[in-house]
Amino acid sequence: MNWSRRQFLATSSALLTAAVGRVELFAQQPATAPPGQQPAQPPPTFTPLRRNIGIFTGAGGTIGWLISPGGVAVVDTGMPPNASVCLAGINERSSTRPIDCVFNTHHHGDHTGGNGVFRASARKIVAYVRVPELQKAAAKPGTEASQVYADTTFTDRWQAKLGDETIHAVYVGPAHTGGDSVVFFEGANIVHVGDLVFNRRQPVTDRPGGCSLAGWIRALERVANGHDAETRYIFGHAKPGFDVTGTKADLLYQRDFLSAVLDSVRAQIKAGKSRDEIVKASVELKGFADHGPVVERVLTAAYEELTTG
Ligand SMILES: [Zn+2]
């Protein structure tokens, strides 16, 4: 199947106009970030990457897709208004065949919020075994029953063969949350890493949801070393002006940023500074100018991890 970028853009744009108002769409922000932390989101766009795999970007985490004669798969579901645009675009390109599997890389609302939109079209929604419970715990009180949860879970890895593509979902251990997995498209050599990478921007650090910065660093190393120089990675988020796809170097840069945060906070604890002095010191780390000053939530996560484990 061949689609030009122009066709994708044109279709996405038409669907956007038909399905949701522009203002409504732009008002949506990821549920996991504090108000005011999220920059304006780009308009919904389909972008092919390699073989039959590509991404859908807009408000919420980056959605990955495989659309081939052998099957259809979706990685993460964004948030409802955007998910509807994404599903309509996928249906158009797949002649509305059922989606063989939808993956949730983790439980956050900007990655699972569209599960309900995809539910009727999806044969299964796949996630690491703790994702449904984390999603339930993070849900706004009273909305637990209306959330749509993964129905197929795994503890270590899960695999599917769709036509000429083999897909592996792999749990990476506590990292951005306590339930992160990556989804590897073996034939295309593409890995969707969910929110293991916030490319060149301040990450969301969800300690109640099981975030471990030390674990996150190890996970990035394992994923980067588990693939090769040609592997293309899909990231959950990127700072405006930076890509939501990249290479091993981007994974290791994210690792180095997290390491620098831990090192900086560790040094300040050792120097006898108070918690408040440390978490409210909004400073830029050397070598990470694109990230800007480290925000309080990231410093707090580092402080708590270093002082309480
Ligand atoms: Zn997240």
*In segment 208-218, which residue that is part of a helix (DSSP H, G or I) and open to solvent by less than 10 Å² (accessible area, probe 1.4 Å) is nearest to the ligand (Cβ to nearest atom)?*
W216
*Considering (1) at pLDDT below 95; (2) more than 13 Å from G236 (Cβ to Cβ), say which one G114 fails and leave the rest.*
(1)
*How about segment 60-86: which of its residues are open to solvent by less than 10 Å² (accessible area, probe 1.4 Å), more than 16 Å from the ligand (Cβ to nearest atom), in contact with a helix residue (DSSP H, G or I) (Cβ under 9 Å, 6 or more places away or on another chain) and not small (G, A, S)?*
W65, I67, V72, V74, V85, C86
*Does any residue in segment 190-204 that is basic (K, R) come within less than 7 Å, Cβ to Cβ, of a residue that is open to solvent by 10 Å² or more (accessible area, probe 1.4 Å) and away from the ligand (no atom under 13 Å from the Cβ) six or more places away or on a different chain, and which pairs are these?*
R200/A238; R200/K239; R200/F242; R200/D290; R200/H291; R201/A238; R201/K239; R201/H291
*Which of (1) farther than 27 Å from G309 by Cα; (2) surrounded by fewer than 20 Cβ atoms within 10 Å (Cβ to Cβ); (3) in contact (Cβ under 8 Å) with a residue 12 or more places away in the chain is the odd one out, the single condition Y233 does not satisfy?*
(2)
*Can you pull out the residues in segment 262-285 that are assigned to a loop (DSSP other than H, G, I, E, B), over 26 Å from the mean Cα position of the chain (by Cα) and of a type in the set (D, E, K, R)?*
K273, K280
*Return only the number of the condition from (1) surrounded by fewer than 24 Cβ atoms within 10 Å (Cβ to Cβ); (2) of a type outside the set (F, W, Y); (3) over 23 Å from K161 (Cβ atoms) that G114 does not satisfy.*
(1)
*Go through Q135, Q147 for me and flag whichever is open to solvent by less than 10 Å² (accessible area, probe 1.4 Å) and farther than 25 Å from A188 by Cβ.*
Q135
_Residues of segment 170-198 classified as within 15 Å of the ligand (Cβ to nearest atom) and either among the charged types (D, E, K, R) or within 13 Å of R50 (Cβ to Cβ) (or both), total_ = 3
*Looking at T205, is it away from the ligand (no atom under 16 Å from the Cβ), among the polar types (S, T, N, Q) and crowded, with 17+ Cβ neighbours inside 10 Å?*
no
*Filter segment 276-295 down to residues that are crowded, with 17+ Cβ neighbours inside 10 Å and farther than 12 Å from V261 by Cβ, then give me how many there are.*
0
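The values are calculated or read from the model by the stated rules, or taken from the named source; none is laboratory data. What you see is a predicted model; the values in this text were computed from it and never measured. Please note: Cβ atoms are built from the backbone with ideal geometry, for glycine as well, and neighbour counts cover all protein chains shown. Note: accessible area is taken over every heavy atom of the protein model, side chains too, but ligands, DNA and RNA are not part of it. Shrake-Rupley method; radii C 1.70, N 1.55, O 1.52, S 1.80 Å.
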